[in-house]
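Take this structure, written in structure tokens, and hold onto it; I'll ask about it next.
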Amino acid sequence: MKRDIAQLGAKVLRQTATSVEDVGSIDTSQLIEDLRSSLASTQGVGLAAPQIGISKQLIVVASRPTSRYPKAPFMEPTIMINPRFINRSDAKEKDWEGCLSIPGIRALVPRYVNISVQYTNEQGLHVELELDGFIARVFQHEYDHLIGKVFLDRVESNIDLFSETEYLKLIEVAV
Ligand code: NI
């Protein structure tokens with residue numbers, strides 16, 4: 001079922017999410033279904049369970065070109081349960097991010113360029129993956145939601161904050 005997206009200021013966005021212990025349960029399947037359908041009706045490229053009001057360590061990463069991220073690479077929507085970092089590159093780079101919980105705002109956010117991660121998939125299997133570029137960025141953004149952080153917390157300077165309107169003008173010029 002499609003759920004409302006929690007908006008900045010909601011307590012659930014500032015809590016540390018608890019790990020999912022019952023991967024095959026009906027509750028977890030329902031949460032996965034809700035997360036998928038809530039994301040599907042948006043132009044977002046990822047969503048974390050706290051954003052639909054559930055403080056559990058579960059995210060979906062679904063990079064695809066949309067009006068919000070026209071240059072995003074395509075990736076099958078991937079459910080990641082109890083995601084963790086295994087490794088992070090030394091290098092970071094800044095690029096644009098937004099968040100369905102913070103409409104109207106975009107910012108340049110520094111993120112690790114290359115990461116390796118692990119998680120449990122929907123079938124309960126342990127998965128390890130190396131991610132880079134935009135998909136690594138989406139993972140880091142969604143992971144932050146599990147530790148009570150939002151992208152604004154990672155911005156280095158207020159100068160890197162843009163309104164959605166100005167951001168859209170900028171990428172139109174760039175495309
Ligand atoms: Ni977000």
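The values are calculated or read from the model by the stated rules, or taken from the named source; none is laboratory data. Small disclaimer: the values here were computed from a predicted structure and weren't measured. Cβ: placed from backbone, ideal geometry, glycine included. Neighbour counts: every protein chain shown. The protein model used for the area step is the full one, side chains on, heavy atoms only, and it has no ligands, DNA or RNA in it. Shrake-Rupley method; radii C 1.70, N 1.55, O 1.52, S 1.80 Å.
Restricting attention to the range 119-158, and to residues there that are farther than 27 Å from E21 by Cα and among the acidic types (D, E), which single residue is farthest from the ligand (Cβ to nearest atom)?
So, considering only residues that are farther than 27 Å from E21 by Cα and among the acidic types (D, E), the one farthest from the ligand (Cβ to nearest atom) is D132.
A further question follows. Among the residues of the range 159-175, which ones are part of a helix (DSSP H, G or I) and either within 17 Å of I102 (Cβ to Cβ) or open to solvent by 50 Å² or more (accessible area, probe 1.4 Å) (or both)? Break it down into steps so the answer makes sense when it comes.
Within the range 159-175, the first condition is being part of a helix (DSSP H, G or I), and the residues that meet it are 159-160, 164-174.
Residues satisfying the conditions are I159, D160, E164, T165, E166, Y167, L168, K169, L170, E172, V173, A174.
Right, another one. Scan the range 53-75 and give yes if some residue there is under 18 Å from L146 (Cα atoms), open to solvent by 10 Å² or more (accessible area, probe 1.4 Å), within 12 Å of the ligand (Cβ to nearest atom) and of a type in the set (A, V, I, L, M), otherwise no.
No, every residue in the range 53-75 fails to be under 18 Å from L146 (Cα atoms), open to solvent by 10 Å² or more (accessible area, probe 1.4 Å), within 12 Å of the ligand (Cβ to nearest atom) and of a type in the set (A, V, I, L, M).
Could you check the range 76-118 and list, in sequence order, the residues that are more than 16 Å from the ligand (Cβ to nearest atom) and among the basic types (K, R)?
Result: R84, R88, K92, K94.
I've got another one for you. Pull up the range 81-92, narrow it to residues that are free of Cβ contacts under 8 Å to residues at least 60 places away in the same chain and either part of a strand (DSSP E or B) or not polar (S, T, N, Q) (or both), then point me to the one that is most open to solvent (accessible area, probe 1.4 Å).
Checked the range 81-92; the qualifying residue most open to solvent (accessible area, probe 1.4 Å) is D90.
When residues of the range 123-158 are filtered for being surrounded by 15 or more Cβ atoms within 10 Å (Cβ to Cβ), part of a loop (DSSP other than H, G, I, E, B) and touching a strand residue (DSSP E or B) at 6+ places or on another chain (Cβ under 8 Å), how many remain?
Of the residues in that region, 2 qualify.
From the set of residues in the range 2-42 that are hydroxyl-bearing (S, T, Y) and closer than 15 Å to G124 by Cα, which is surrounded by the most Cβ atoms within 10 Å (Cβ to Cβ)? Before the answer, list the steps.
Filtering the range 2-42 down to residues hydroxyl-bearing (S, T, Y) leaves 16, 18-19, 25, 28-29, 37-38, 41-42.
Applying the additional criterion that residues be closer than 15 Å to G124 by Cα yields 19, 25, 28-29.
Values: S19: 12, S25: 11, T28: 19, S29: 13.
Residue satisfying both the conditions and the ranking: T28.
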